[in-house]
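Contents: one structure, followed by commentary.
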Amino acid sequence: MSEQLVLILPELALTGGLCLLLLVDLVFPRRRSWETGIFALGVLGVVAYLLLQRYHAGPHDAFGGLLRLDRFAAIFQLAITGAAGFALFLNLQQFRFPQDRGRIETQFLFLCATLGGFVLVGTQHLMMLYLGLEMLGLCSYALADVHKRDRAGAEAGMKYVVYGALSSGVMLYGISLLFGLGGASFAMPDVALGINQALLEGEGVRVLLPTLLLLAGFLFKLALVPFHWWAPDVYQGTTTAIAGYLAVGSKLVALGALLRCFAILFATTLHGIEGDPALLAVTTAASEFGASFGMVLAVLAAVSMLWGNLAALGQTHLRRLLAYSSIGHAGYLLAAVSLMSADGLAAAGTYALVYAVASLGAFAAVFGIAMRAGSEDLRDWTGLGWKYPLASGALVLFFASLTGLPPTAGFAGKWRLLASLWAGGQPLLALLLALLSVVSLFYYFRVIKQLYLERPAEDFRPAIERPLPWLAAFLLVVGAATLALLNLGWVDTPIAAATADLIRG
Amino acid sequence: MGLEAYLFVSLLLFLLGLIMAAARRSLIYVLIGLELILNAANLNLVAFQRFHPGAGLDGQIGAIFVIILAAAEAAIALAIVLNVYSRFGSIRPDDMHTLRD
């Protein structure tokens, strides 16, 4: 038993940190607002260190297959830890609701949601998957509603909880059907055997229906059509810290869990069963199913890409704009997944990390400029680019990465996506992706034009005068990461290798 | 009674839940619809386990977890509904239009 506990040290550290955080609030009720924030960041630092060890430790099954702790899990868990650190950090400085700054509930919810994300991405057991998704989801619903003094905040929380609870309910129904398909077992490898059996008997519907229902929960978390309605409203209604966490942390772990689900459930579709002619029929049936299921995913991906990029064109609220752009990016990710091939899954994992870094930076830069302008509306940002060169310059860099322009990581990530789409027999999706990247230049450039090419208003008074050294340091680090990750696309990246491990099983 | 009978009832529950939620009459309706969906899944879990004897108790235990989660979800959702009511004076989803394009 004790060696099992050693395996889940990162989760234990996070849980311990959570409990201590609540105790601190009880013992020191009149603490300064930033003290617990520093403590929570410290907990995340310890967790990140333990996760690095998990990355090097090699794959382990813990608690009878309830948790699967491998490199793939460690990478995505590190990513959501980073996103939580970012959110805690911005939350300490947020200005929209000064009375809520450094509130312990918010910090607790960030850590708790991160714990849910750890479970979500570190399991190949369908019930644990659902529990992780719900833990992440319930904390996110509360986070979206945490600034409830404001009408927009209340509405954002309401929309998030209604859509989120419904989609996870639908997902659970899909899980319950897969449970039957796998012969009363939640373990994904068992379910995969059941899927092969059903496909061999020519009953593709019995596989397709539960898988589509299972997909609902992921589509919601990734904000993909037809479960994307909440994203713009929720991002706009909360603060930048929470919106950034939802756009980066929650999306990343959902994508990680989706990749793992597909890699195990459709292992036969992905690489067939080699060497055994008796099993050729299974391989054929599985690849036929993969082709038709991939078609459904490709349509969803194409609609998401189009919707996100076209709706972003007319937005003036920066967080709303980022929300639509993130819907488009989730569409790119799903396009790679829709190939139903090992290469496609690896490309999706790689692009997810590239997108996460750029998106994190963009949220931080928007936060920095909005703090000076006192508003997230583009019309109040006229000519601020020359006044605040660091935040504005960083925003240009991150927008370049989101568009996919060299010399940023976005270029390499998109190149990888396009290459795998082209090679995987989806040239139309590749063309659409390239075209929409050009469209996305328009709305990103509109922001840059407003910042640099317009004259600032004569009576402009910054909402906050004092320098923000921490934010500047953060932007420099993330900006450097965006440039340094450029070679991520063409070398054998850790994430691609981890995905390949996953598919080999 | 065979497995099909249980699956049929659970499908009925699931569809009723979806219809209730999609009608968007009031947030309470939506939450009740959600409960129906979760319980449809529970019925499936327990029924599948019953018709696969000797495979352990995963289905029943899973159903207990879902019941607990449903309670937690209802608690958070109702707190949010209460807050929405105090801001808007209504719990009809169609009455809320602060955020839109």
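Here are some notes:
- Whichever residue in region A:124-150 is assigned to a loop (DSSP other than H, G, I, E, B) and surrounded by 24 or more Cβ atoms within 10 Å (Cβ to Cβ) and, among such residues, is nearest to the other protein chains (Cβ to nearest Cβ): A:Asp145
- Which listed residue is surrounded by 24 or more Cβ atoms within 10 Å (Cβ to Cβ) and of a type outside the set (Gly, Ala, Ser), from A:Phe63, A:Phe72, A:Phe89: A:Phe72
- Annotation for region A:377-389: no member residue is assigned to a helix (DSSP H, G or I) and either closer than 28 Å to A:Thr211 by Cβ or in contact with a Pro (Cβ under 6 Å, 6 or more places away or on another chain) (or both).
- Residues (part of a loop (DSSP other than H, G, I, E, B) and within 20 Å of A:Pro494 (Cα to Cα)) located in region A:333-362: A:Ser341
- Any hit, region A:155-177, residues being aliphatic (A, V, I, L, M), farther than 19 Å from B:Leu18 by Cβ, buried (at least 24 other Cβ atoms within 10 Å of the Cβ) and under 17 Å from the mean Cα position of the chain (by Cα): no
- Of all residues in region A:46-70 being touching a Gly at 6+ places or on another chain (Cβ under 8 Å) and of a type outside the set (Val, Ile, Thr), the one that is nearest to A:Arg504 (Cα to Cα): A:Asp70
- Look at region B:22-35: where a residue is facing chain A (nearest Cβ under 9 Å) and a partner is in a loop (DSSP other than H, G, I, E, B) and of a type in the set (Val, Ile, Thr), sitting 6+ places away or on another chain with Cβ atoms under 9 Å, you get B:Leu27/B:Ile91.
- Odd one out for B:Leu45 among (1) facing chain A (nearest Cβ under 7 Å); (2) of a type outside the set (S, T, N, Q); (3) under 13 Å from A:Val161 (Cβ atoms): (3)
- Single residue of region B:57-72 satisfying the filter (surrounded by fewer than 16 Cβ atoms within 10 Å (Cβ to Cβ) and among the hydrophobic types (A, V, I, L, M, F, W, C)) that is nearest to the other protein chains (Cβ to nearest Cβ): B:Ala72
- Looking across region A:158-196, just one residue is more than 14 Å from chain B (Cβ to nearest Cβ) and within 19 Å of B:Leu3 (Cβ to Cβ), and that is A:Ile195.
- Flag if B:Leu82 is more than 7 Å from chain A (Cβ to nearest Cβ) and over 19 Å from A:Leu172 (Cα atoms): yes
- Candidates B:Arg87, B:Arg92 - the one that is more than 30 Å from B:Glu4 (Cβ to Cβ), charged (D, E, K, R) and at the interface with chain A (Cβ under 8 Å from one of its Cβ atoms): B:Arg87
The rows are residues; the columns are (1) surrounded by fewer than 19 Cβ atoms within 10 Å (Cβ to Cβ); (2) over 17 Å from the mean Cα position of the chain (by Cα); (3) part of a loop (DSSP other than H, G, I, E, B).
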{"residue": "B:Leu13", "(1), (2), (3)": "no, no, no"}
{"residue": "B:Leu18", "(1), (2), (3)": "no, no, no"}
{"residue": "B:Asn39", "(1), (2), (3)": "no, no, no"}
{"residue": "B:Asn44", "(1), (2), (3)": "no, no, no"}
{"residue": "B:Gln49", "(1), (2), (3)": "no, yes, no"}
{"residue": "B:Ala55", "(1), (2), (3)": "yes, yes, yes"}
{"residue": "B:Ala74", "(1), (2), (3)": "yes, no, no"}
{"residue": "B:Leu78", "(1), (2), (3)": "yes, no, no"}
{"residue": "B:Thr98", "(1), (2), (3)": "yes, yes, yes"}
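- Region A:211-290 holds helices (runs of 4 or more DSSP H) entirely within its bounds, and those carrying 3 or more residues that are away from chain B (no Cβ under 14 Å) and crowded, with 24+ Cβ neighbours inside 10 Å map to A:240-244, A:251-265.
Every number here is computed from the coordinates shown, using simple stated rules; none is lab data. Source: prediction; values computed, not measured. For neighbour counting, all protein chains shown are included, and Cβ atoms are generated from backbone atoms with ideal geometry for every residue, glycine included.
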